[in-house]
Amino acid sequence: MHYHDWEPFCVSPMTPELGAEVTLRVRTSAKAGVLLLERFGEVERRPLQAVPDGLEITLPMHASPIRYCFFLPEEKVYLTSGGPSSTMPRYDRFFHLLSAPSVPEWAVGAVFYQIFPDRFKNGDPSNDPKDGEWIYMGQKIVKKAWDDPVDPKIGPLQHYGGDLEGIRQALGYLQELGIEALYLTPILPSRSNHRYDGLDYLNVDPYLGGNEAFDRLVADLHAHGLKIVLDGVFNHIGDAHPDFQKALHDPDSPEASQFTFHADGSYASFMGVKTLPKLDYASPLAVERWLDGHHAPVRHWLRKGADGWRLDVAHQIGEGGTDRHNLELLRLIHRNSREENPEAFVFGELFFDSTNHLRAHTLDGSMHYHGFANPLLEWLSGRNIYGWEVEVSASEAWQTLWDHYAALPLQIRQTMYTLLDSHDVPRAFWRLRGDVELYKMALGILLTFPGAPGLYYGDEIALNQSNPYEVWNGDPMCRGSFPWDESKWNREVLEWTRRLIHLRKNTPALRRGGLLPLQAPTGAIAYKRVYQGQEVWVYAAPTPVRLELPPSQNLLSGEKTGGKVVVHGLGVFRVV
C-alpha cells in the first residue's frame, strides 16, 4: 500500500507555518522515489530519502497551498491525491497542503448537531409569539401547537415556540447521544420563523429568550465541553432592517451604499427574494459594519462566546449584487473570526463544488452536499436533490465520494461538515420512504466517513416529514417539531446512532483517519480508514454480499472474524 494523507507520519508538523519547513512522508514499501513539486509555474523534481516504513523529504512551505505528488520509479507509478496513476496527473490531482492558520483541533472529526431553534424544544412558553401578533409577507403569523404538522402553504409564517432555553434543557439528551458541537440556524430578531431576514445583528430574538438565554446556553455548553457554531447571514439582511429602510427612503444616505440599487428602482436580493436585500461589499461601510469593525457581528458573537460560524450561502457573498471578490471576503471573515477566537471554526454553505474555494485558503470546510450527501442519497433513494428520478449505481456513488475527497486540501478533509440532510433539503428518512434498514446504513456511512458529521435534529430518532413521498418538498416540510413524547421515537435508530457515535469517538481511524478505496462487491460501497498504520474497513451493502476478510475485529459486534463473511447493511472491521 502506498499512502499519504493528513496524519503525523505523513505531514510534520501537521500545520506548517508559511515559509517554515515541513516534512512529507509516504507510507510505502518502495525504497526510492521523487517528489514532484509545482513551484512558481515549474514542476521541480526532488529526491525522497528512505526512512522506516516509507520515504520522506523536508522542504519549505513557499506558498499556501503547496501542490505536489510522488513518483516511485521501481513501481513505475505516480502517487496522486486520487491514488496511483501510470501517467503524470493534472495539477488538480496533486496533493494540496495548506499552511497555518489551519483547521481547529477540536473540530477534527467532531460530531455536530444542527438545530432549527423554533422546532427543537419549547423551554419557556412565556416568550412564545401569539397568534396573529404581527404581519409578515402580507399575512398574520400563525402560532402552532407543538405537535401540529407543518403547513406547506405558510412556511415562514408558522411559529412553534422553540427557544434557547429548550436547547439548554436538552443538553443531557444531546450529551448522552454523544454530540460534541451544536450548529444553530439564525437566532437574530426577525419577522420569520427561519430568521434569515435579521432585523438586528447584535442581539438574540426575544422570542428565543433574548441575550440572557444565549449567555446561559453558552455557559452550560462550555461547562460540559461542548461547542456552539452560529449561522452567519452576511450575504443579505431583512428588508425591515433599519439600514435597508433608510437606504430605501434616502438614496443619498450613507446606508444606501451598502446595497445594490438598479436604475429601475429595483435592488439586488438573495435569489430574487425581495425580503432579503443583498449586501454590497464594494462599500467600505458594509465591510466595516458587518465584517471588519470592532462591533461587526462577525466579531461580536465570538466575543459573546460562540465557537465559530457557518456562513449562509458563502459562495454568494460579494460586490455589486454578484460574487465578485468572494474569496477575499471569505478570507476576511475567517481572519477576523480567528482574531477574536484563535480556535474559531468557520465553514460555509457551499452547496455545489467547493474545491476552488477551499484550495484558496479561505475557510475551514463546507457543508458537504455536493461531494457526500447528494451522491449518497441519489444512490439509495433513486431521486436527486431536485426530486428528479435518477439511476446511480454503488460504484458511481463511490466514485463521486472519492473524487471530492481526493480534491480537498489535506487538512480540510477532516473538517468537512458531512451530512445527510438539513433545514434546506428533504429529510433523509423521508427520501428513503421510511426504510429503517436503509436509513441505518446511510447513518453508518455518515458516521464512518472522514469529516465532521452533522446530524440534523431528529435524524437520530428517524424524524419524518408529513407530506406524501410523491409531493417532493424540503423547506418547510423538513422543519417539523421534535417530538418529545418518546413513544414517537424510533428507539432502534436512536440506539444505533448512539452506538455509531461512540464507536467513532473511540476509534482513532474513524475519527481522524485518511480514506482509501477497497474493492467492493457489486452493489456495495467499500472503503478503508487509515491512521498511524491502523486500518478500519467499512462495507455498506443494501443487499447481502460475500466478502473475504483478513483477520479482523467486527467493531459492531466486538467479535473476532476473518475469511468468508456476509455483510448486509453496514459492516465495520478493524484489521488485526
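Each residue in region 28-53 was checked for being on the phi < 0 side of the Ramachandran plot and open to solvent by 20 Å² or more (accessible area, probe 1.4 Å), and 16 of them qualify. Of the numbered criteria (1) more than 22 Å from the chain's Cα centre (by Cα); (2) under 30 Å from Asp5 (Cα atoms), the one Pro483 fails is (2). In region 54-88, the residue that is farthest from the chain's Cα centre (by Cα) out of those that are open to solvent by less than 60 Å² (accessible area, probe 1.4 Å) and among the polar types (S, T, N, Q) is Ser85.
Would you point out the residue of region 222-236, among those that are of a type in the set (A, V, I, L, M) and closer than 19 Å to His423 by Cα, that is surrounded by the most Cβ atoms within 10 Å (Cβ to Cβ)?
Step one: list which residues in region 222-236 are of a type in the set (A, V, I, L, M), which gives 223, 226, 228-230, 233.
Subset that is closer than 19 Å to His423 by Cα: 228-230, 233.
Details: Ile228: 20, Val229: 23, Leu230: 23, Val233: 27.
Among them, the one singled out is Val233.
One residue stands out in region 447-461 among those that are without any contact (Cβ under 8 Å) to a residue 40 or more places away in the chain and over 9 Å from Arg427 (Cα atoms): the one that is surrounded by the most Cβ atoms within 10 Å (Cβ to Cβ), namely Gly458. Within region 346-361, the residues that satisfy the criterion of being buried (at least 24 other Cβ atoms within 10 Å of the Cβ) and not in a strand (DSSP E or B) are Leu350, Ser354, Leu358. May I ask you to verify whether Arg310 is closer than 15 Å to Phe234 by Cα and free of Cβ contacts under 8 Å to residues at least 60 places away in the same chain? No, not satisfied. The number of residues in region 561-574 that are farther than 23 Å from Thr400 by Cα, within 31 Å of the chain's Cα centre (by Cα) and open to solvent by 50 Å² or more (accessible area, probe 1.4 Å) comes to 1. Evaluating Pro89 against the criteria (1) part of a loop (DSSP other than H, G, I, E, B); (2) in contact with a helix residue (DSSP H, G or I) (Cβ under 8 Å, 6 or more places away or on another chain); (3) of a type outside the set (Lys, Arg) leaves one unmet condition, (2).
Checking the structure you have, find out if any residue of region 338-355 is closer than 21 Å to Met441 by Cα and modelled with pLDDT of 95 or more. Spell out the reasoning first.
Residues of region 338-355 that are closer than 21 Å to Met441 by Cα, as a first pass: none.
No, there is no match, as no residue in region 338-355 is closer than 21 Å to Met441 by Cα and modelled with pLDDT of 95 or more.
Number of residues in region 1-53 that are acidic (Asp, Glu) and under 32 Å from the mean Cα position of the chain (by Cα) equals 5. Gly474 meets each of the listed conditions (1) in a loop (DSSP other than H, G, I, E, B); (2) surrounded by fewer than 17 Cβ atoms within 10 Å (Cβ to Cβ); (3) in contact (Cβ under 8 Å) with a residue 24 or more places away in the chain apart from (2). Filtered by the rule that a residue be within 20 Å of Leu329 (Cα to Cα), in a loop (DSSP other than H, G, I, E, B) and either of a type in the set (S, T, N, Q) or open to solvent by 40 Å² or more (accessible area, probe 1.4 Å) (or both), region 250-280 gives a lone residue, Thr260.
Could we say that Arg216 is among the basic types (Lys, Arg), surrounded by 21 or more Cβ atoms within 10 Å (Cβ to Cβ) and not in a strand (DSSP E or B) here? Talk me through it step by step, then tell me what you get.
Working: among the basic types (Lys, Arg): yes; surrounded by 21 or more Cβ atoms within 10 Å (Cβ to Cβ): no; not in a strand (DSSP E or B): yes.
Judged against the criteria, Arg216 is not a match.
Please determine, by comparing only the residues of region 504-560 that are among the small types (Gly, Ala, Ser) and closer than 19 Å to Lys440 by Cα, which one is most open to solvent (accessible area, probe 1.4 Å). So that I can check it myself, show each step before the final result.
First, the residues of region 504-560 that are among the small types (Gly, Ala, Ser): 509, 513-514, 520, 523-524, 526, 533, 540-541, 552, 557-558.
Next cut, closer than 19 Å to Lys440 by Cα only: 523-524, 526, 540-541, 557-558.
Numbers: Gly523: 38, Ala524: 7, Ala526: 3, Ala540: 1, Ala541: 0, Ser557: 63, Gly558: 44 Å².
Here the answer is Ser557.
Here region 196-213 is the region considered, the condition is being charged (D, E, K, R) and assigned to a loop (DSSP other than H, G, I, E, B), and the residue that is nearest to the chain's Cα centre (by Cα) is Asp197.
Considering only residues in region 362-394 that are within 25 Å of Thr543 (Cβ to Cβ) and of a type in the set (Ser, Thr, Tyr), the one that is least open to solvent (accessible area, probe 1.4 Å) turns out to be Ser381.
Of the residues making up region 212-224, those that are in contact (Cβ under 8 Å) with a residue 12 or more places away in the chain and not basic (Lys, Arg) are Ala213, Phe214, Asp215, Leu217, Val218, Ala219, Asp220, Leu221, His222, His224. Scanning region 395-422 for residues being surrounded by fewer than 20 Cβ atoms within 10 Å (Cβ to Cβ) and either among the acidic types (Asp, Glu) or in contact with a strand residue (DSSP E or B) (Cβ under 7 Å, 6 or more places away or on another chain) (or both) gives a total of 3.
In region 126-172, which residue that is assigned to a strand (DSSP E or B) and of a type in the set (Val, Ile, Thr) is least open to solvent (accessible area, probe 1.4 Å)? That would be Val142. Within region 219-237, the set of residues being in a helix (DSSP H, G or I) and hydrophobic (A, V, I, L, M, F, W, C) comprises Ala219, Leu221, Ala223.
Here's a check for you: in region 89-105, which residue that is surrounded by 17 or more Cβ atoms within 10 Å (Cβ to Cβ) and of a type in the set (A, V, I, L, M, F, W, C) is farthest from Arg39 (Cα to Cα)? If you could, list the steps in order and put the result at the bottom.
Kept after step one, since they are surrounded by 17 or more Cβ atoms within 10 Å (Cβ to Cβ), are these residues of region 89-105: 93-99, 101-104.
Now narrow it down to the ones that are of a type in the set (A, V, I, L, M, F, W, C): 94-95, 97-98, 103.
Numbers: Phe94: 12, Phe95: 13, Leu97: 13, Leu98: 14, Val103: 24 Å.
Among those residues, the one meeting the criterion is Val103.
Residues in region 543-576 that are out of contact with any Phe, Trp or Tyr (no Cβ under 9 Å at 6 or more places or on another chain), on the phi < 0 side of the Ramachandran plot and in a strand (DSSP E or B): 9 in all. Mind checking whether some residue in region 489-496 is within 22 Å of Tyr173 (Cα to Cα), open to solvent by 10 Å² or more (accessible area, probe 1.4 Å), in a loop (DSSP other than H, G, I, E, B) and at pLDDT 95 or above? Yes: region 489-496 contains one or more residues that are within 22 Å of Tyr173 (Cα to Cα), open to solvent by 10 Å² or more (accessible area, probe 1.4 Å), in a loop (DSSP other than H, G, I, E, B) and at pLDDT 95 or above. Answer yes or no as to whether Arg25 is at pLDDT 95 or above, open to solvent by 60 Å² or more (accessible area, probe 1.4 Å), touching an Asp or Glu at 6+ places or on another chain (Cβ under 7 Å) and not in a loop (DSSP other than H, G, I, E, B). When the stated conditions are applied, Arg25 does not pass them. Checking each residue in region 173-195 for being assigned to a loop (DSSP other than H, G, I, E, B) and either out of contact with any strand residue (DSSP E or B) (no Cβ under 8 Å at 6 or more places or on another chain) or charged (D, E, K, R) (or both) picks out Gly178, Glu180, Leu188, Pro189, Ser190, Arg191, His194, Arg195.
Just one of the numbered conditions (1) open to solvent by less than 30 Å² (accessible area, probe 1.4 Å); (2) part of a loop (DSSP other than H, G, I, E, B) is not true of Met14: (1).
The values are calculated or read from the model by the stated rules, or taken from the named source; none is laboratory data. This one's a predicted model, so the numbers in the text were calculated from it and none came from an experiment. All Cβ positions, even for glycine, are placed from backbone atoms using ideal geometry, and neighbour counts span all protein chains on display. These area figures cover heavy atoms from the full protein model, side chains too; ligands, DNA and RNA do not enter into them. Shrake-Rupley method; radii C 1.70, N 1.55, O 1.52, S 1.80 Å.
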